[in-house]
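One structure below.
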Amino acid sequence: MLTSRLTENVTVTVKGYFYFVDLGSGSRPRYHSVYSDGKCQCDNGKNCLAVTAVKNYRRAGGVQAARPPLGYYATLPGKCPICASAVCETGRISVVRGIEWGCRKDAAHYRQHHNAINAQYRREHSTPWAFKPVVIRANEIVKVDAILPGDIVLYEGVLREQIGTLVAA
């Protein structure tokens with residue numbers, strides 16, 4: 001098959017959320033970045049030879065590129081996650097959120113989307129403690145989720161539900 005012959009001497013390496021593909025000295029452009037979603041950064045997108053090279057690399061047992069964390073955009077999203085309208089780059093890159101983008105229909109959708117992601121994260125990673133207990137355990141001072149028998153309690157902690165009920169003495 002012609003495609004497999006074209007991609008047999010290709011070098012694929014993983015760089016963070018991307019596959020870095022060297023198609024060899026006879027190709028223009030020679031170097032490509034294929035995103036973990038299977039799209040090349042070049043104008044050919046999903047139809048690029050580098051994408052086929054990554055598929056062959058993965059089939060042969062190559063390492064999978066890491067998926068970006070929820071809310072991090074290593075590439076521009078194909079459409080607005082709120083309304084499915086077209087998006088554009090703002091020209092800014094955030095260490096926390098990756099490529100910042102704007103919805104062509106409503107500029108507020110970028111913040112709305114990230115606020116929803118932050119709320120989801122807080123729900124999934126919430127703790128009942130406003131201030132965790134502090135104890136001496138195994139000769140170390142540590143903040144804990146639960147006080148165990150044998151702990152030396154330095155501070156009992158405050159649950160979130162207690163905050164509205166505490167009255168100054």
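What ranking do Trp129, Trp101 get, fewest neighbouring Cβ atoms within 10 angstrom at the top? Don't skip to the answer; put the middle values down first.
Numbers: Trp129 16, Trp101 21.
With the fewest neighbours first, Trp129, Trp101 line up as Trp129, Trp101.
Give the relative contact order (percent, whole number) for segment 36-159; include only Cα pairs under 8 Å separated by 6+ residues. For segment 36-159, the relative contact order is 14 percent. For the pair Val158 and Ala119, label points projected 7 Å from Cα toward Cβ lie 2.6 nm apart. Computed about the Cα centre, the dipole magnitude for segment 2-59 is approximately 100 debye when only Lys and Arg (+1) and Asp and Glu (-1) carry charge, each at its Cβ. Annotation: the residues Tyr17, Tyr31, sorted from fewest to most other C-beta atoms within 10 Å of their own C-beta, follow the order Tyr31, Tyr17.
Net charge near Gly102: determine it from the other residues with C-beta under 12 Å of the C-beta of Gly102, scoring Lys and Arg +1 and Asp and Glu -1. Present the calculation step by step, with values, prior to reporting the outcome.
Numbers: positive: Arg92, Arg104, Lys105, Arg111; negative: Glu89, Glu100, Asp106.
In short, +1.
Charging the Cβ of each Asp and Glu at -1 and of each Lys and Arg at +1, and nothing else, the dipole of segment 68-126 about its Cα centre rounds to 100 debye.
Given axes a ≥ b ≥ c from the Cα gyration tensor, I'd like to know whether the chain is rounded (a/c under 1.5), prolate (a/b larger than b/c) or oblate. Let's see the in-between values first.
On the way: a/c = 4.30, a/b = 1.97, b/c = 2.18.
Oblate is the answer for the chain, as a/c is 1.5 or above yet b/c matches or exceeds a/b.
Might you report the magnitude of the Cβ-based charge dipole of segment 44-169 about its Cα centre, with Lys and Arg at +1 and Asp and Glu at -1, to the nearest 20 debye?
Working: 17 positive and 9 negative charges, 173 e Å.
About 820 debye.
Would you list, by chain and number, the aspartates and glutamates whose Cα falls below 16 Å from the Cα of Lys105, excluding same-chain residues fewer than 8 positions away? Reachable aspartates and glutamates: Glu89.
A DSSP coil position with no more than 16 other Cβ atoms inside 10 Å describes the following trypsin sites (Lys or Arg not before Pro) in segment 42-108: Lys79, Arg104, Lys105. Scanning the chain for GluC sites (Glu not before Pro) in DSSP loops with at most 14 other Cβ atoms within 10 Å, what's the longest stretch left with none? Looking at the chain, 9-155 is the longest stretch - no exposed GluC sites (Glu not before Pro) with at most 14 other Cβ atoms within 10 Å. When the Gaussian network model of the chain links Cα atoms closer than 10 Å, the mean-square fluctuations of Ala119, Ala84, Ala146 top out at Ala146. The fewest-to-most ranking of Val10, Val51, Val63, Val21 by surrounding Cβ atoms within 10 Å reads Val63, Val10, Val51, Val21. Our note on the geometry: Cα centres of segment 61-85 and segment 14-37, 18 Å apart.
Quick note: the coordinates plus some simple rules give every number you see, no bench work behind them. Computed from a prediction, not measured in an experiment: that's the story for all the values here. Every residue, glycine among them, receives a Cβ derived from its backbone with ideal geometry; neighbour counts consider all protein chains shown.
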